[in-house]
Each structure stands twice: as C-alpha cells, then as structure tokens.
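Notes follow once the structure below has been shown.
The values are calculated or read from the model by the stated rules, or taken from the named source; none is laboratory data. These figures come from a predicted structure and were not determined experimentally. Note that each Cβ is placed from the backbone with ideal geometry, even for glycine, and that neighbours are counted across all protein chains shown.
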Amino acid sequence: MDLFEYQGKQYFARYNIPVASGDVADDVEAAVAAAEAIGYPVVVKAQVQVGGRGKAGGIKLAQNEAEVRHHAGNILGMDIRGHTVHRLWVEAASAIAEEYYASFTLDRSAKNHLGMLSAQGGVEIEQVAEENPQAIARIHIDPVDGLTETVCREWVAAANLNPQATEGTVDILRQLYTCYIEGDASLVEINPLVLTQAGQVIALDAKVSLDESAARRHPEWDDFSGAETLDERESKAKALGLQYVGLEGSIGIIANGAGLAMSTLDVVAEVGGSPANFLDIGGGANADVVANALSVINSDPQVKAIFINIFGGITRCDEVAKGIVEAMQRVDLKSPLVVRLDGTNSDQGREILQANETDRLIMAGTMVEAARKAVSLAGGNG
Ligand code: GDP
Ligand code: MN
C-alpha cells in the first residue's frame with residue numbers, strides 16, 4: 001500500500017521525524033482555513049501518488065489568503081501525469097538552504113536493507129543515479145545489527161552534506177530506519193530532506209510504501225484505507241475477488257494458477273504480443289469466476305483479443321467452458337476469444353465450446369498456437 005504525502009508525513013511523525021505542521025483540505029475554503037490556522041507563508045501541495053508534482057505546477061507557495069484561494073482553486077482538479085488532484089496538503093512553508101535525498105528499501109539481491117543518501121536532492125534520484133552515481137552514498141544494513149549511530153555517522157560523512165546538517169541528518173536517518181523497520185514499510189523516501197536557513201533538518205516530502213503482509217500488526221493502518229489508487233480495472237477485479245494486475249498491452253489474459261498466468265504472459269511476449277493484464281482465476285475456478293474474469297477484461301478499452309489458457313487439475317475444463325459460454329451470453333464481449341484447454345475434463349470442455357464456436361470464439365491446441373492466434377487477432381504486434 002502506497003501512502004499519499006500527507007499520510008506519509010503523519011506516519012513519519014509517529015516516529016519523531018520532523019515535518020512541517022499542516023493540514024489536509026478537499027476544497028478551497030478548507031485550504032484557506034488550514035492556512036489561517038498555520039500562519040503565512042504556506043505551501044499548497046497536490047496530493048497525488050506520482051512524483052514531479054512541483055514541475056507540473058502542483059506545489060505553490062502562498063503569502064496570503066488571496067494566494068491560497070488562487071492556488072488551491074487551480075490545483076484541485078488538476079491532472080498530474082494521469083492522476084486527478086482531489087485533496088491538498090497545506091503546510092507551513094520552509095525557508096530552504098539545501099535539498100538532500102534519503103531512503104531505505106530492501107535490496108533483494110544483496111539480501112539486506114539498502115540506505116541511500118545524497119547531497120543532490122529535490123530532483124529524481126534515478127536521474128542522479130544515472131548522471132552522477134558517486135553522488136549517492138549507499139550502505140547495506142544487516143537487519144540483525146540495525147543502523148548503529150557509528151555506522152550512521154560514517155554514512156552521513158560519506159555523503160558530503162553541509163556540516164551544519166550532520167547532527168539533524170544522523171537523527172532523522174536513525175528515526176527513519178526505525179520507521180522503516182518497526183513501521184513495516186518496504187520503502188521510506190524523503191526527497192527533499194532539507195536543511196533550513198535556520199539550520200534545522202526536516203522532511204519536506206514523504207514517500208512511504210507499507211508491506212501489507214504486516215497489516216495485522218498495525219491497526220493504525222486502517223486510517224490509511226482508501227490510500228491505494230487502484231486503476232478502475234483493478235478495483236473492479238478486487239471487488240470480485242480476482243487476482244488481477246493491470247498492464248499496458250492489448251491481449252487480455254486469463255489463466256489458472258499464478259505460474260501458468262506468468263508463463264502465458266511470457267509466451268504472448270515471445271510471439272510479439274503485449275499482455276493487457278495478469279489474471280489468475282485460481283484452482284477450482286467455476287463458471288461464475290470465469291464470467292467475472294471476462295467481464296473485467298472486457299471493460300478494458302485497450303484489449304483487442306483475449307487469451308484463455310487453462311490447464312485443468314482441480315479446475316475442471318468443462319466448468320471453465322461453461323463459464324465462457326455463460327459470459328458470452330451475459331456480457332457483450334468486445335474482443336475475440338482464443339481458448340486453450342488441457343487437463344481435467346478437457347474433452348468435455350472442448351465439446352461445450354465447439355457447440356458454441358463462432359469466428360469470435362476460437363479454439364487452439366497448444367499454448368503457443370493460442371498465443372499466436374490471439375496476437376494476430378489483436379492486429380499483430382499487440
Ligand atoms: P515532488 O515534486 O512531487 O517530489 O514534490 P516535493 O514535495 O518534493 O516538492 C518539490 C519541490 O518544491 C521541492 O524540492 C522544493 O524545492 C519545493 N518546495 C516544497 N515545499 C516547499 C517549502 O515549504 N518551501 C519552499 N521554498 N519550497 C518548497
Ligand atoms: Mn519530492
């Protein structure tokens with residue numbers, strides 16, 4: 001679960017990481033009320049889960065009520081890289097002297113936690129990593145050892161920050177590490193971490209991803225529900241209890257079992273197509289599940305062909321076939337269907353489909369053949 005900036009800052013505050021005081025606002029009047037309570041100048045910030053808000057005009061300084069009205073009015077409803085702004089965070093403006101970058105995340109290949117700190121903050125870290133990789137001080141942290149003060153000091157020294165920022169940064173990094181570990185986050189990022197003109201170090205932005213496997217340990221996460229900005233297809237699939245991940249391509253995919261679904265994506269890519277989704281209907285899927293899966297895929301305007309790949313084990317191919325026929329009666333399918341059935345009751349399944357075969361419902365003998373047909377029906381290169 002990814003948090004909005006304001007939620008990330010609220011989470012940071014639980015772990016004593018200094019952030020500017022502020023409040024959320026869903027309309028212009030609330031933004032004005034927040035600004036009056038905080039005191040001018042304030043910064044009005046768009047709450048969307050995408051970076052580059054500053055460049056897109058989603059972050060503005062306001063010196064008085066008129067400016068808050070003006071900026072809040074402009075930013076609410078604004079589209080920032082495909083995300084509509086529904087909420088603002090209004091916070092006390094900071095007088096910035098320098099902007100840094102700090103984060104913790106899991107480095108799976110190193111089997112350790114990774115900390116990154118850079119004197120070049122404010123810009124996208126990917127850009128720094130590419131153009132000036134030595135400007136990022138990295139450390140690996142063994143979870144058993146944790147981040148000791150000695151190690152933290154060495155790390156901060158290696159990043160060549162303004163010496164004035166040293167103490168504040170050491171404190172924040174140790175608190176941020178605690179937030180990352182005890183807060184069960186998979187990522188905590190502060191960009192920019194700023195040194196203010198008054199010599200304080202504070203988190204000016206917050207990016208926090210929580211590890212949902214730990215949700216039972218964190219009743220306080222309930223406050224964040226609704227933070228997830230699923231796309232429309234994903235919300236629909238979630239409501240139907242389907243294991244669905246939206247992708248960018250044009251071939252809708254339904255398979256049973258995560259392994260087979262992954263292999264199906266690979267095979268479609270291998271024959272030159274591009275998958276519109278990952279969808280695992282699971283073991284023992286019945287007609288209803290198949291019909292639901294088809295209705296989700298059918299609602300995706302990018303889909304040009306659908307590939308159903310079933311290897312029957314617990315899942316019975318005749319049940320899947322019934323689901324396909326039912327779905328074709330229930331929903332007006334916009335794309336042709338290519339079906340490959342193998343395994344338990346596949347003969348019965350194929351008979352059911354053959355009885356309903358049309359130029360919109362195509363049977364294929366193997367997975368590769370099915371993938372090729374689907375890709376060609378989608379118009380070639382997916
Ligand atoms: P992002 O662009 O989505 O990453 O949003 P950030 O919260 O990181 O803000 C982008 C930039 O806006 C920062 O790097 C700052 O330069 C500027 N900014 C944000 N808050 C303040 C503030 O309180 N005072 C000043 N002067 N600038 C700010
Ligand atoms: Mn930022």
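Some observations on this one:
- Any hit, segment 151-168, residues being among the charged types (D, E, K, R), more than 16 Å from ligand 1 (Cβ to nearest atom) and within 26 Å of the chain's Cα centre (by Cα): no
- Among the residues making up segment 184-215, those that are outside any strand (DSSP E or B), within 16 Å of ligand 2 (Cβ to nearest atom) and either within 15 Å of Ala93 (Cα to Cα) or among the charged types (D, E, K, R) (or both) are Leu204, Asp205.
Rundown of residues vs (1) more than 26 Å from the chain's Cα centre (by Cα); (2) over 20 Å from Lys236 (Cβ atoms), yes/no style:
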{"position": "Ala269", "(1), (2)": "no, yes"}
{"position": "Gly273", "(1), (2)": "no, yes"}
{"position": "Asp280", "(1), (2)": "no, no"}
{"position": "Gly284", "(1), (2)": "yes, yes"}
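- Residue that is in a helix (DSSP H, G or I), buried (at least 18 other Cβ atoms within 10 Å of the Cβ) and modelled with pLDDT under 90, where the choices are Val289, Val268: Val289
- Residues satisfying the stated conditions in segment 88-98, i.e. more than 15 Å from Lys207 (Cβ to Cβ) and either assigned to a strand (DSSP E or B) or away from ligand 1 (no atom under 14 Å from the Cβ) (or both): Leu88, Val90, Glu91, Ala92, Ile96, Ala97, Glu98
- Residue check, Tyr101 surrounded by 13 or more Cβ atoms within 10 Å (Cβ to Cβ) and part of a strand (DSSP E or B): yes
- Filtering segment 39-61 to residues that are part of a loop (DSSP other than H, G, I, E, B), closer than 18 Å to Gly82 by Cβ and more than 6 Å from ligand 1 (Cβ to nearest atom) leaves Gln47, Val48, Gln49, Val50, Lys55, Ala56, Gly57, Gly58.
- Only one entry in Gln120, Gln134 is assigned to a loop (DSSP other than H, G, I, E, B), more than 10 Å from ligand 1 (Cβ to nearest atom) and in the same structural domain as Leu173 (by TED's automatic domain parsing), namely Gln120.
- Being within 16 Å of ligand 1 (Cβ to nearest atom), surrounded by 13 or more Cβ atoms within 10 Å (Cβ to Cβ), in the same structural domain as Gln164 (by TED's automatic domain parsing) and of a type in the set (Gly, Ala, Ser) is a description that applies to Ala206.
- In segment 216-231, residue farthest from ligand 2 (Cβ to nearest atom) [restricted to those that are surrounded by fewer than 20 Cβ atoms within 10 Å (Cβ to Cβ) and modelled with pLDDT of 90 or more]: Arg216
- Residues that are of a type in the set (Gly, Ala, Ser) and away from ligand 1 (no atom under 16 Å from the Cβ) do not occur anywhere in segment 194-202.
- Residue check for Ala102: in contact with a His (Cβ under 7 Å, 6 or more places away or on another chain), in the same structural domain as Gln197 (by TED's automatic domain parsing) and either farther than 29 Å from Ala214 by Cβ or away from ligand 1 (no atom under 11 Å from the Cβ) (or both): no
Quick grid of which residues meet (1) in contact (Cβ under 8 Å) with a residue 24 or more places away in the chain; (2) among the hydroxyl-bearing types (Ser, Thr, Tyr); (3) not in a strand (DSSP E or B):
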site	(1), (2), (3)
Arg138	yes, no, no
Leu147	yes, no, yes
Val156	yes, no, yes
Thr169	yes, yes, yes
Leu173	yes, no, yes
Ile181	yes, no, yes
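- All positions within segment 48-57 that are away from ligand 2 (no atom under 11 Å from the Cβ) and crowded, with 21+ Cβ neighbours inside 10 Å: Val48
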